[in-house]
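Notes follow the structure.
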Amino acid sequence: MPKLLPFRIHFEDPEIDPLDLEATDAEAARQLAASRRGVPAGAIRKVKIIREKVDG
């Protein structure tokens, strides 16, 4: 089974809150976010991997 990565999805509409979810890659995250929010994939502004902050 492919490893799931944490993503944060930001939408073009500022009234739609960013969505955190896990997916295998950015395209899968984009499609999942679009279906969960009920918007077309084009309504997504950016897809970012959530990285852990390391104290250094």
Where a label projected 7 Å from the Cα of residue 5 along Cα→Cβ would reach, residues of segment 21-36 with amide N under 13 Å
22-30
Which three lengths, in whole Å and largest first, does segment 6-56 cover when its Cα atoms are put on their principal axes?
40, 24, 13
HN-Hα couplings for segment 4-17 via Karplus (6.51, -1.76, 1.60; θ = phi - 60°), in whole Hz with x for Gly/Pro, come out as 8, 10, x, 10, 10, 9, 10, 9, 4, 6, x, 7, 9, 5
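Read the figures in this text as sums done on the coordinates, not as results from a lab. Note that this is a predicted model, so its numbers are computed, not measured. Quick reminder, even Gly has a Cβ in these numbers, built from the backbone with ideal geometry, and neighbours come from all protein chains shown.
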